[in-house]
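This report concerns only the one structure given below.
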Amino acid sequence: MRYLSTSIFLLASAVALGQSSTNKSFVNTPASVTTFTVDSANSGCPIGFFASRQANLQMNTVSDAEKSGPAQGLHLVLNRGSHPDIQSIEVSVYASSLKARTLLLNGSSPDTISKTFTLEREKGSASLDEADVWMHQVGSLRWADLISITYADGTTWHPIANLKCRAVPSNFLLVGSK
């Protein structure tokens, strides 16, 4: 009987502790909301530069036949604030390769590959505020560096030494939405 009363006391204590713990709130994020992560090395940006991962639709056309294999995409957002309209940007996107590799203790990988894109505003649009980039035959897109900005008034921006304009996408990826 003594063991039974001790067991009941311990069970009741555990239940009470479980109920009195700090409440955590979880917010169900709608599909239209995107999560962005800004790298701490982003101090050299004249504009807000953000990236989020894009899901692959797995739809191929005849012209895409030569691009077999997995594709990864980034949605880039440019928040220009009070700066002039953006005509075009040059951005380098970095990814891990598909080949077998080792991950060093410092988290870097010697098998990082990159591709540079020149993105221009759409005809009839006042400014380039967002764009999508895709890379084929890569393992995972890691980050994007803004190389240059050409504003609609003809001025250009380039990063200065030791200051990067980098966007690191979060690992959050919406699979589908209605």
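The values are calculated or read from the model by the stated rules, or taken from the named source; none is laboratory data. These numbers were taken from a predicted model, which means no experiment stands behind them. Cβ atoms come from the backbone with ideal geometry, glycine included; neighbour counts cover every protein chain shown. Surface areas here come from the heavy atoms of the whole protein model, side chains and all, with no ligands, DNA or RNA. Shrake-Rupley method; radii C 1.70, N 1.55, O 1.52, S 1.80 Å.
How many residues are open to solvent by less than 40 Å² (accessible area, probe 1.4 Å) and assigned to a strand (DSSP E or B) if we restrict to region 109-125?
Qualifying residue count for the region: 2.
Looking at region 84-103, which of the residues that are surrounded by fewer than 16 Cβ atoms within 10 Å (Cβ to Cβ) and modelled with pLDDT of 65 or more is nearest to Pro46 (Cα to Cα)?
In the first step, residues of region 84-103 are kept if they are surrounded by fewer than 16 Cβ atoms within 10 Å (Cβ to Cβ); the result is 84-85, 92, 97-103.
So of that shortlist, the ones also modelled with pLDDT of 65 or more come out as 84-85, 92, 97-100, 102.
Values: Pro84: 11, Asp85: 13, Ser92: 17, Ser97: 31, Leu98: 34, Lys99: 36, Ala100: 38, Thr102: 36 Å.
Selected residue: Pro84.
Conditions: (1) modelled with pLDDT of 95 or more; (2) assigned to a strand (DSSP E or B). Leu128 meets all but one. Number of the miss?
(2)
For the subset of region 149-172 comprising residues that are open to solvent by less than 50 Å² (accessible area, probe 1.4 Å) and among the hydrophobic types (A, V, I, L, M, F, W, C), which member is farthest from Leu74 (Cα to Cα)?
Trp157
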